[in-house]
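Take a look at the structure set out below.
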Amino acid sequence: MRDTGARRVLIVDDSPAFTDALKRLLTAEGFVADVLHDSEGVIGAVAQFAPDVVLLDVDLPGASGFEVCRRLKRFEATRLIPVVLLTGLVGREHRLAGIEAGADDFLTKPFDSSELTARVRSLSRLKRYTDELESAESVIVSLALTVEARDAYTEGHCDRLSTYAVALGRAIGLSADDLWALRKGGLLHDVGKVGIPDAILLKQGRLTAEEYEIVKSHTVIGERLCSGLRSLASVRPIIRQHHERLNGTGYPDGLKGSEVSLLAQIIGVVDAFDAMTTDRPYRKSLGIERAFEELRGDVAKGAMDATLVERFIELAPGIFASTPPSAGWDAARVERAAELSPATA
Ligand SMILES: [Fe+2]
Ligand SMILES: [Fe+2]
């Protein structure tokens with residue numbers, strides 16, 4: 001993992017005497033420092049210099065330090081860079097404004113040089129950890145997309161699942177954290193297939209009982225792959241449980257009812273739908289109406305939750321308008337299928 005090179009600090013302050021002194025101090029401590037004297041070019045400088053920490057004066061010509069901090073925290077690419085606000089202003093109000101702007105720390109001028117270097121050191125260490133976590137997470141996401149790419153017939157499957165699951169989750173009022181987990185869950189649910197041999201995964205005919213057991217293990221392998229990443233903690237149950245069914249007929253653990261996490265149930269519904277509406281080498285897409293019928297059949301058997309399935313069918317025409325299913329998309333027919341009264345109560 002990346003922990004190479006000196007830690008980089010961007011100093012933004014309008015007083016050259018101050019920035020010179022600070023730069024000298026940080027350089028002596030082994031940091032690489034860059035200096036800006038106004039707020040104008042901060043975003044550009046951050047993009048170019050890729051600092052591990054930004055030391056930002058509150059009182060800048062142009063936009064204030066608070067405003068610059070707020071901007072840095074708004075963008076995905078810069079929001080994880082620790083920002084220390086340097087302030088000559090003491091008082092609760094300024095601290096509150098800084099916290100609101102998303103600042104990670106404060107230093108009141110004049111400050112003790114060893115305190116400053118200690119804080120910069122610990123924040124830059126934190127930044128490197130976050131970088132490592134982010135890159136580990138993106139390795140797993142690319143792995144999942146590689147798995148999808150091995151099988152030409154599943155193209156777009158993960159993206160569709162994310163979109164469908166998030167739309168369904170939003171419709172039933174889930175929190176932003178749950179929606180995030182659903183989005184990641186859609187992308188990662190089948191990542192464990194990386195451990196299944198091509199001969200089985202891409203087999204055109206029926207699987208033997210043994211081969212089917214091996215395919216089932218993708219749930220456990222996937223969960224294990226993500227186990228080292230705390231950031232994916234809420235996604236792991238989705239990966240392990242997306243083939244569990246409420247009546248205990250699913251795998252790998254044969255869970256029942258509320259033992260199956262709600263998020264995994266959601267991915268389970270949209271995954272089953274997407275599998276049925278994708279052409280496979282050994283069969284064509286079932287078509288959307290048939291797929292809806294099958295889902296309702298699963299509800300009748302107690303395998304799936306009625307509310308989730310009906311909400312999904314209700315939402316389908318709207319969702320498919322922007323993200324159509326793999327095969328068998330026909331707006332009018334989807335509307336009609338969604339309107340049919342459920343086969344079961
Ligand atoms: Fe799966
Ligand atoms: Fe899947």
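Derivation of every value follows stated rules applied to the coordinates shown; laboratory data play no part. Since the model is a prediction, treat every value here as computed from it, not as a measurement. Note: ideal-geometry Cβ built from the backbone for every residue, glycine included; neighbour counts use all protein chains shown.
Data overview
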| read-out | value |
| --- | --- |
| Distance in nm between pseudo-label sites at I99 and I214 (7 Å out along the Cβ direction from Cα) | 5.7 |
| Span from the segment 1-70 Cα centroid across to the segment 254-301 one, whole angstrom | 52 |
| Proportion of all alpha-carbon pairs of segment 79-168 beyond 16 Å (%) | 70 |
| For segment 8-131, the fraction of alpha-carbon pairs in successive 5 Å shells from zero, as % | 2, 12, 24, 28, 22, 11, 2 |
| Potential extension, E310-L80 segment - 0.36 nm per residue separation minus Cα distance | 78.8 nm |
| Alpha-carbon centroids, segment 184-249 and segment 80-150: separation in whole Å | 35 |
| Residue-averaged 222 nm ellipticity for the chain, from DSSP H runs of 4+ at -39500 (n - 2.57), nearest 500 | -17000 deg cm²/dmol |
| Pairwise FRET efficiency - A171 versus F49, Cβ, R0 = 51 Å, nearest 0.05 | 0.70 |
| Of the DSSP H helices in the chain, those whose Cα atoms cover at least 20 Å axially and whose Kyte score averages -1.0 or more | 113-150, 157-171, 262-276, 306-322 |
| Bins of 20 Å from zero: percent of alpha-carbon pairs in the chain | 26, 40, 28, 7 |
| Segment 151-339 - convex hull of alpha carbons, volume per residue in Å³ | 112 |
| Chain lengthening between S142 and D198 when straightened (0.36 nm per residue, less Cα-Cα) | 18.4 nm |
| Net charge contributed by nearby residues that have their C-beta within less than 15 Å of A167 (K/R +1, D/E -1) | -2 |
| Cut-off under 5 Å, modelled amide H: who pairs with R280 long-range | S285 |
| Pairwise label distance in nanometres, L262 with A118, each label 7 Å out on the Cα-Cβ vector | 4.5 |
| Antiparallel content of DSSP bridges confined to the chain, in %, to 5 | 10 |
